[in-house]
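Participant: Handing you a structure now.
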Amino acid sequence: MKTVVIGAGIVGVATAYELALRGETVTLIEAHEGAGLGTSYANGGQMSACEVAPWAGPEIPGLILRWLGRDDAPFRLRPKMDPDQWRWLLRFLLRCRTSARMERIPPNLELALLTRERMASYAADFRDAGRSLDFDRRDRGILRIFASEHAVRAAMTEMETMARLGVEQRLLTAAECVDVEPALASALQRGEISGGLYSPSDASGDAHLFSKHMAEAAKRRGVTFETGTVVEEIIARAGRAYGVVTSRGVLDADAVVVAAGAGTAALLKPLGIRTWIYPVKGYSVTLPAPEGNAPEVSITDEARKIVISRLGNRLRAAGQAEVGGYDLTLEPGRAASVLNALTSLLPQAGAGADAAEFWCGLRPMTPDGSPVIGRVEPFSNLFINSGHGTLGWTLGAGSGAALADLVCDSAPQLPLSPFSIRRF
Ligand SMILES: Cc1cc2nc3c(=O)[nH]c(=O)nc-3n(C[C@H](O)[C@H](O)[C@H](O)COP(=O)(O)OP(=O)(O)OC[C@H]3O[C@@H](n4cnc5c(N)ncnc54)[C@H](O)[C@@H]3O)c2cc1C
């Protein structure tokens with residue numbers, strides 16, 4: 001069976017690779033000149049199975065109001081004359097209930113654990129082929145630090161929920177945070193840490209390197225990878241997809257998978273499909289890791305709203321959320337605020353600031369914080385694997401495996417109903 005996969009980010013390459021493992025004839029189409037050059041290029045690097053709660057939660061409306069009008073605010077709304085933005089925002093706000101947030105944790109966790117399993121299996125495939133799947137992976141866990149006692153108490157409640165689901169997390173005192181990650185010593189001295197939540201089984205790594213290596217591995221398994229090719233239209237009528245119109249011609253297919261990240265909604269809209277995926281812009285900064293006291297453990301600073309990951313001899317910090325449409329202009333002020341947050345927590349990182357590389361990308365977000373994985377009705381052979389929002393690196397490989405099973409008519413390794421497009 002000939003399957004076209006649109007988009008070569010984390011999700012698309014994992015899907016193409018998984019389909020190839022199942023014996024499919026796959027063409028992977030990507031607008032950029034290579035894999036992982038969209039939102040998967042320079043994300044926060046956290047593979048955070050133990051932290052899969054959606055962003056939408058009871059504290060969010062208050063934070064939005066508090067940050068209104070502040071240019072460097074971690075969350076910014078830029079109203080557009082776009083009904084899709086307003087519909088999305090309304091849905092997002094309706095999800096800002098504790099019960100709605102909690103409801104999403106078990107399915108996201110199941111998908112994240114499948115992702116862990118698939119990533120281990122990919123590494124084994126590479127080893128069997130005498131290669132190494134090297135993406136600066138670091139298995140040192142993720143430490144969330146909190147600046148107030150109130151935040152520590154909220155984390156305790158979360159930890160209890162996760163413990164009921166079998167997830168191991170440890171609540172740490174401020175001093176214990178520094179035992180786990182000595183690079184935080186100066187933050188402790190400044191009195192900025194009240195406590196932390198440590199998830200030892202989580203990991204971090206470079207999603208761009210992963211996407212690049214996996215696309216190469218997919219090619220070795222027979223996948224045709226067409227780069228620099230834009231899908232302009234999905235040819236579909238009378239309940240079936242027949243192929244795609246690309247900037248280089250028409251391609252027939254027996255099945256089409258849309259894994260186009262923030263480009264997904266535009267591809268499906270002409271077919272009358274509303275995906276509920278809207279872009280939320282984020283920023284990152286990558287700089288040389290300071291010598292001697294660079295963090296080994298990936299850090300989430302709850303107060304500064306940034307995540308930090310060590311990627312080989314580089315350090316990356318990421319943050320910011322702007323609901324403002326598809327504009328990918330990098331605003332120097334917003335980018336600098338991520339760097340400032342990093343160096344105010346870890347002053348030692350300032351040594352590499354001159355070599356800092358700034359980046360921004362569009363998280364393909366659903367209002368409820370879970371991706372959309374499944375068949376796109378009424379089309380029997382059109383599939384979607386998108387909307388991974390803040391968790392694409394954490395959920396991407398499992399999503400690829402689950403969708404590949406569905407395309408091949410096998411039973412997916414986890415229930416896909418929580419990820420169905422029909423839930424909206
Ligand atoms: C600042 C920031 C920090 C983040 N940190 C983390 C983190 O720490 N952990 C985590 O789990 N997640 C994180 N994320 C989220 C994660 O990066 C995304 O969820 C993930 O990259 C989405 O992958 P994707 O494959 O769906 O999309 P993409 O990587 O964007 O891939 C989609 C691809 O489709 C292509 N495409 C689109 N339309 C077309 C078309 N018409 N024709 C051809 N090609 C097309 C695009 O060029 C693109 O390459 C972060 C995101 C941001 C922005």
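The values are calculated or read from the model by the stated rules, or taken from the named source; none is laboratory data. What you see is a predicted model, and the numbers here were worked out from it, not measured in a lab. Here the Cβ positions follow ideal geometry from the backbone for every residue, glycine too, while neighbour counts run over all protein chains shown. Note: areas computed on protein heavy atoms with side chains; ligands, DNA, RNA excluded. Shrake-Rupley method; radii C 1.70, N 1.55, O 1.52, S 1.80 Å.
Participant: In the range 206-253, how many residues are touching a residue at least 12 places away in the same chain (Cβ under 8 Å) and assigned to a strand (DSSP E or B)?
Facilitator: Counting residues in the range 206-253 that are touching a residue at least 12 places away in the same chain (Cβ under 8 Å) and assigned to a strand (DSSP E or B) gives 18.
Participant: Do we find a residue being of a type in the set (A, V, I, L, M), within 19 Å of the chain's Cα centre (by Cα) and outside the structural domain of residue 243 (by TED's automatic domain parsing) anywhere in the range 374-397?
Facilitator: Scanning the range 374-397 turns up no residue that is of a type in the set (A, V, I, L, M), within 19 Å of the chain's Cα centre (by Cα) and outside the structural domain of residue 243 (by TED's automatic domain parsing).
Participant: Could I ask something else about it? State the number of residues belonging to the range 225-247 that are within 14 Å of the ligand (Cβ to nearest atom) and surrounded by fewer than 22 Cβ atoms within 10 Å (Cβ to Cβ).
Facilitator: Residues meeting the conditions: 13.
Participant: May I pose another question? Within the range 375-396, track down each residue that is within 11 Å of the ligand (Cβ to nearest atom) and either of a type in the set (Lys, Arg) or closer than 15 Å to residue 207 by Cα (or both).
Facilitator: Within the range 375-396, 388, 389, 390, 391, 392, 393, 394, 395, 396 meet the criteria.
Participant: Working only within the range 155-177, note down all residues that are surrounded by fewer than 20 Cβ atoms within 10 Å (Cβ to Cβ), part of a helix (DSSP H, G or I) and either more than 24 Å from the chain's Cα centre (by Cα) or β-branched (Val, Ile, Thr) (or both).
Facilitator: 156, 157, 160, 161, 164, 174, 175, 176
Participant: Report the residue count in the range 40-56 for those that are under 21 Å from residue 198 (Cβ atoms), open to solvent by less than 10 Å² (accessible area, probe 1.4 Å) and away from the ligand (no atom under 11 Å from the Cβ).
Facilitator: Counting residues in the range 40-56 that are under 21 Å from residue 198 (Cβ atoms), open to solvent by less than 10 Å² (accessible area, probe 1.4 Å) and away from the ligand (no atom under 11 Å from the Cβ) gives 1.
Participant: Another question, if that's okay. Of all residues in the range 258-294 being closer than 17 Å to residue 370 by Cα and aromatic (Phe, Trp, Tyr), which is nearest to the ligand (Cβ to nearest atom)?
Facilitator: 278
Participant: Just the residues that are in contact (Cβ under 8 Å) with a residue 12 or more places away in the chain and closer than 17 Å to residue 304 by Cβ, please, taken from the range 147-177.
Facilitator: 147, 148, 151, 152, 155, 174, 177, listed by residue number.
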